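The values are calculated or read from the model by the stated rules, or taken from the named source; none is laboratory data. Because the structure is a prediction, the values reported are computed rather than measured. Ideal geometry is used to build each Cβ from the backbone, glycine not excepted, and the neighbour counts take in all protein chains shown. Surface areas here come from the heavy atoms of the whole protein model, side chains and all, with no ligands, DNA or RNA. Shrake-Rupley method; radii C 1.70, N 1.55, O 1.52, S 1.80 Å.
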Amino acid sequence: MVIYRASDYASMSRKAANIISAQVIMKPDCVLGLATGSTPIGTYKQLIEWYNKGDLDFSRVTSVNLDEYKGLSGDNEQSYRYFMNHNFFDHININKSRTFVPDGTDPDSEHACARYNEIIREVGGIDLQLLGLGHNGHIGFNEPGSAFEKETHCVDLTERTIEANKRFFEKEEDVPRQAYTMGIKTIMQAKKILLVVSGEDKAEIVKTAFQGPVTPAVPASILQLHNDVTIVADEAALSKME
Ligand SMILES: N[C@@H]1[C@@H](O)[C@H](O)[C@@H](COP(=O)(O)O)O[C@@H]1O
């Protein structure tokens, strides 16, 4: 596990964007596993800037996103499909039909998740998976207690996650209670993992996840066992690491 200490959010974003750019340059037809949340927004902005300068070409890239709220369609502004279009895909030359997000509109959880697993297999697996980190150690929407061996599945969101994500919704009742997420097994099968984390409010979980024991109680702790993980964090997020 490589931990890169960035001075602040902007520098964290640039470093993460550099790693993603390197992947796209080295393998133009790569499969990027992408993430939502506020942390990667700066990374996407930086990539868009370099794309606009002519330094990057996404035309042969495929993407698979980590998760989606169950019940939200892509035109719902709170959906993760909308987030990805708005924050990234609409601004680069990626072929939208090669960008995948679990289908939140499919009410049949088993079907939606099986289909998503099939898609990940069909595209040949993930070359580089970008991750954020939830305050309780969740990655994607794999909440504490998630079995490590799961592929894409439907989860009940914890109160803490609902609370953290309600800022994006008009009222708390609007936050969906369930989501489809890639499982830990799917994430661990990615060839490379890049986790971005910023802010003092994440310092405690960064320490627990990456210096504590590997346990399903802290889903991100499993990343200690992956052989190619880079954590790009700002000083504030690393402030409790020993
Ligand atoms: N499903 C997403 C996660 O993938 C993300 O990592 C987490 C942290 O988000 P933020 O970066 O906004 O703190 O939020 C959501 O729950």
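Any idea how far apart Arg121 and Lys171 come out in nm if each label point goes 7 Å out from Cα toward Cβ?
The answer from the label model is 4.4 nm.
Taking all protein chains as present, what is the carbon and sulfur share of the accessible area of the chain, in % to the nearest whole number, probe 1.4 Å?
48 percent
Just need the Rg to Rh number for the range 112-242, please, alpha carbons only, Kirkwood Rh.
A ratio of 0.97.
If I take R0 = 30 Å and measure r between the Cβ atoms of Lys27 and Val214 in this structure, what FRET efficiency does the formula 1/(1 + (r/R0)^6) give, to the nearest 0.05?
0.50
If you wrap a convex hull around the C-alpha atoms of the range 2-191 and split its volume per residue, what is the figure in Å³?
121 Å³
How much FRET efficiency would the formula 1/(1 + (r/R0)^6) give for Glu149 and Asn52, where r is the Cβ-Cβ distance and R0 is 35 Å, rounded to 0.05?
Computed FRET efficiency for Glu149 and Asn52 comes out at 0.25.
What nm distance separates the two modelled labels at Glu200 and Asn93, each placed 7 Å from Cα along Cα→Cβ?
Each label point is offset 7 Å from its Cα along the Cβ direction, giving 4.5 nm.
Modelling each spin label as a point 7 Å along the Cα-to-Cβ direction, I'd like the Asp108/Ala10 distance in nm, to one decimal.
Label at Asp108, label at Ala10, 5.1 nm between them.
Can you tell me the order of 3-13, 51-61 when each peptide is scored by its average per-residue count of other Cβ atoms within 10 angstrom, highest first?
3-13, 51-61
What FRET efficiency comes out for the pair Ile162/Arg60, r = Cβ-Cβ distance, R0 = 51 Å, nearest 0.05?
0.85
Restricting to the range 1-149, compute how many DSSP beta bridges are antiparallel as a %, nearest 5.
10 percent
Keeping every protein chain present and rolling a 1.4 Å probe, give me the accessible area per residue for the range 42-131 in Å².
Per residue, the range 42-131 has an accessible area of 45 Å².
Run the paramagnetic zone check for Gln189: 7 angstrom along Cα to Cβ, then residues of the range 142-174 with backbone nitrogen under 14 Å.
149-153
Given the DSSP H assignment, sum -39500 (n - 2.57) over each helix run of at least 4 residues in the chain and divide by its residue total; what's the result at 222 nm in deg cm²/dmol, nearest 500?
-9000 deg cm²/dmol
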